[in-house]
1. Pick from Glu36, Glu104, Glu27: which is at pLDDT 90 or above and not assigned by TED's automatic domain parsing to the domain that holds Ala145?
2. Going through Leu199, Leu151 one at a time, which residue ends up being among the aliphatic types (A, V, I, L, M), out of contact with any strand residue (DSSP E or B) (no Cβ under 6 Å at 6 or more places or on another chain), farther than 18 Å from Asp114 by Cβ and buried (at least 16 other Cβ atoms within 10 Å of the Cβ)?
3. Kindly list the number of the only condition in (1) buried (at least 17 other Cβ atoms within 10 Å of the Cβ); (2) modelled with pLDDT of 95 or more; (3) not small (Gly, Ala, Ser) that fails for Pro159.
4. Checking Ala58 against (1) under 25 Å from Gln13 (Cβ atoms); (2) among the aliphatic types (A, V, I, L, M); (3) surrounded by 14 or more Cβ atoms within 10 Å (Cβ to Cβ), which single condition isn't satisfied?
5. Can you confirm whether Val72 is in contact (Cβ under 8 Å) with a residue 60 or more places away in the chain and either under 19 Å from Arg137 (Cβ atoms) or β-branched (Val, Ile, Thr) (or both)?
6. Would a scan of segment 157-175 turn up a residue that is part of a helix (DSSP H, G or I), more than 17 Å from Ile116 (Cβ to Cβ) and either touching a Ser or Thr at 6+ places or on another chain (Cβ under 8 Å) or among the basic types (Lys, Arg) (or both)?
7. Would you call Leu128 in contact with a Lys or Arg (Cβ under 9 Å, 6 or more places away or on another chain), over 29 Å from Asp86 (Cβ atoms), in a loop (DSSP other than H, G, I, E, B) and modelled with pLDDT under 95?
8. Looking for whichever is within 20 Å of Met226 (Cα to Cα) and in contact with a strand residue (DSSP E or B) (Cβ under 7 Å, 6 or more places away or on another chain) here; the options are Asn146, Asn186. Which one fits?
Amino acid sequence: MTEHEVAAGATYQSAERALALLASFDESRAEIGVSEMAKSLGVHKSTASRLAAALERAGFLARAGKHYRLGVELIRLGTLALRSFDVVATMQPAMEQLSQQTSETVNLAVPDGDGILNVAELPSTYILSCSGGWTGRRTKPHAVANGKVLLAYGVIPIPRQLERYTEHTITTPAALHDELAAVRRNGYATATAELEEGLAAVAAPVFDGTGTCVAALSVSGPAYRMPPELLDELGRLCAAH
């Protein structure tokens, strides 16, 4: 192996580690220490420290005491990505109309590996709401309405493990199979207290020009404002957009 190939390999490995480090942040790990970084990457603490420092200089990480959090450069890049994300721009008018009709939180979610990623949100107009913090949040599909839509239309694979979040979460393959069949039959999905107690939601598929489901449009709010007897009506309203 030549000296150039060795250098190229080292650069590639560093890039992979940097991307893996950034991807390790999520809503449950907003701040990460160097020791945790090293363990996650499988490298020495000094290597993780140098990598974090380099990302900090580039604006991708920011110091928070002895820990690091994501930096403002990622906000800039994320904003640019959303602007160029056709489905977000295309669905904006429908989201605004649905928000006006329901006054509840409206979200748009797309497939993200074997899960879903919320990419756009219009907050509820109510003081007590389920708004805020959904954009950029990844969730497991079986416990949320928009995830059920993407599962039902084959956009993401059926999870091997169905994690329980509440006593209402679907945790058996047979029950999930029946639920997804109902989604395809009705054209929309519902979820009540399956991810969090007191949270209700409905969602419908978003199709591209070829008739392929590419996203899910959802309405969510407190269960007392979205009781079971209203979910079918809200589901049909969501599907109409």
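The values are calculated or read from the model by the stated rules, or taken from the named source; none is laboratory data. As the structure is a computational prediction, the values presented were derived from the model and not from experiment. Cβ coordinates were reconstructed from backbone atoms using ideal geometry, including for glycine residues, and neighbour counts include every protein chain displayed.
1. Details: Glu104 fails: not assigned by TED's automatic domain parsing to the domain that holds Ala145; Glu27 fails: at pLDDT 90 or above.
Answer to the check: Glu36.
2. Values: Leu151 fails: farther than 18 Å from Asp114 by Cβ.
Matching residue, one of Leu199, Leu151: Leu199.
3. (2)
4. Of everything listed in (1) under 25 Å from Gln13 (Cβ atoms); (2) among the aliphatic types (A, V, I, L, M); (3) surrounded by 14 or more Cβ atoms within 10 Å (Cβ to Cβ), Ala58 misses just condition (3).
5. Numbers: in contact (Cβ under 8 Å) with a residue 60 or more places away in the chain: no; either under 19 Å from Arg137 (Cβ atoms) or β-branched (Val, Ile, Thr) (or both): yes.
Criteria not met by Val72.
6. Kept after step one, since they are part of a helix (DSSP H, G or I), are these residues of segment 157-175: 173-175.
Checking which are more than 17 Å from Ile116 (Cβ to Cβ) leaves us with 173-175.
Narrowing the set further to residues that are either touching a Ser or Thr at 6+ places or on another chain (Cβ under 8 Å) or among the basic types (Lys, Arg) (or both) leaves none.
No, there is no match, as no residue in segment 157-175 is part of a helix (DSSP H, G or I), more than 17 Å from Ile116 (Cβ to Cβ) and either touching a Ser or Thr at 6+ places or on another chain (Cβ under 8 Å) or among the basic types (Lys, Arg) (or both).
7. Numbers: in contact with a Lys or Arg (Cβ under 9 Å, 6 or more places away or on another chain): yes; over 29 Å from Asp86 (Cβ atoms): yes; in a loop (DSSP other than H, G, I, E, B): yes; modelled with pLDDT under 95: yes.
Here the answer is yes, as Leu128 does meet what is asked.
8. Numbers: Asn186 fails: in contact with a strand residue (DSSP E or B) (Cβ under 7 Å, 6 or more places away or on another chain).
None of the others qualify; the one that does is Asn146.
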